[in-house]
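Worksheet: one structure, shown below.
The values are calculated or read from the model by the stated rules, or taken from the named source; none is laboratory data. Remember, it's a predicted structure, so these values are computed and weren't measured experimentally. Because the Cβ atoms are built from the backbone with ideal geometry, glycine has one as well, and the counts that use them run over all protein chains shown.
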Amino acid sequence: MQLIQTSFYTSKNPWPYSVKYGEVGIMKLNVYGKIVEVIRTQNEWSLFLVGEGKKRPMRDVVIPPETPKEKVIQYLEDIFHEYASHENKSIIVLEE
C-alpha cells in the first residue's frame, strides 16, 4: 500500500485540504490536446487541467465514484469527443 500526502481541490469541497490516503490513483492524460490529471481518492474521482506550471480543478466534470479505473478513459471520451480534431483523434495515456 502506497501512502501519499497531497493537497488539492475536489468537486464536493472547493477549498484545498490535505489528507493522508492509503491508496491514491493518478493518471495523466492527453484529452484531445488538453493535459488532464485524473486522481482517485477514497470514493471520488477528481479532474485537473494541467498547464502553465499549475493545475486547475475541472469542477464541471464529475466522474461517477463507482466508475472503475478501466472505464475512466471511455467515460471521458463520451464527454469530450466534440473536441476531437485531425491532430487529436483520441485520448492518450501519458502516465498511469
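Some observations on this one:
- When residues in the stretch 1-40 are screened for being at pLDDT below 85, polar (S, T, N, Q) and within 23 Å of K71 (Cα to Cα), 3 of them pass.
- Restricted to the stretch 24-72, and to residues there that are among the acidic types (D, E) and part of a strand (DSSP E or B), the residue that is nearest to A84 (Cα to Cα) is E37.
- Evaluation of L76 against (1) at pLDDT below 95; (2) touching a strand residue (DSSP E or B) at 6+ places or on another chain (Cβ under 9 Å) (one fails), failing number: (1)
- Looking only at the stretch 27-51, and only at residues there that are touching a helix residue (DSSP H, G or I) at 6+ places or on another chain (Cβ under 8 Å) and of a type in the set (F, W, Y), the one that is farthest from V93 (Cα to Cα): W45
- When the stretch 52-96 is filtered for residues that are closer than 15 Å to T41 by Cα and touching a helix residue (DSSP H, G or I) at 6+ places or on another chain (Cβ under 7 Å), the ones remaining, listed by number, are I63, T67.
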